[in-house]
Amino acid sequence: MIERLPSGLLAKALIRRVHDAGGSAMVLARGDDQAGALLVLLLERGSEPRFVERGIGPDGRTALIRTGPREEDAEAIAAYWRRRVERDPDLWVIELDIPEGERFVAETIALN
């Protein structure tokens, strides 16, 4: 069995890495410190907001999976993550505003 790092530690590491690189990161919903999943809202000036989370890719390995609405409507985006938190109170929701945000997520949480 492969041990995973606690979710709270991964969330804090992701936030610190983004801040250290000059970006902005914020916890929208705090999940379970040990085993909560992480849903990340990626923002970047000039591009549409998008959600990613760790999942199983087509090759059976851990990968980032794009989820959520594919639109720029702030209400639809907020409604999506709030619905997810209602169904899973252990879920972490983190917003990142940095160029290449997906890279930070992949390097920090996708392989752990």
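The values are calculated or read from the model by the stated rules, or taken from the named source; none is laboratory data. Just so it is clear, the model here is predicted, and its values are computed rather than measured. All Cβ positions, even for glycine, are placed from backbone atoms using ideal geometry, and neighbour counts span all protein chains on display. The protein model used for the area step is the full one, side chains on, heavy atoms only, and it has no ligands, DNA or RNA in it. Shrake-Rupley method; radii C 1.70, N 1.55, O 1.52, S 1.80 Å.
Structure summary
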{"item": "Sparsely packed GluC sites (Glu not before Pro) within the range 26-76, loop by DSSP, other Cβ within 10 Å at most 13", "result": "Glu71, Glu72"}
{"item": "Förster radius 22 Å - calculated FRET efficiency between Ala106 and Glu71 (Cβ-Cβ, nearest 0.05)", "result": "0.40"}
{"item": "Carbon and sulfur %, accessible surface of the chain computed with the full protein complex present, 1.4 Å", "result": "49"}
{"item": "Cα-projected label distance for Arg16 with Glu48, points at 7 Å along beta-carbon direction, nm", "result": "3.5"}
{"item": "Å² per residue, accessible surface of the chain at 1.4 Å", "result": "60"}
{"item": "Stretch gain in nm, segment Ala78-Arg61, where the contour uses 0.36 nm per residue and the Cα spacing is subtracted", "result": "3.2 nm"}
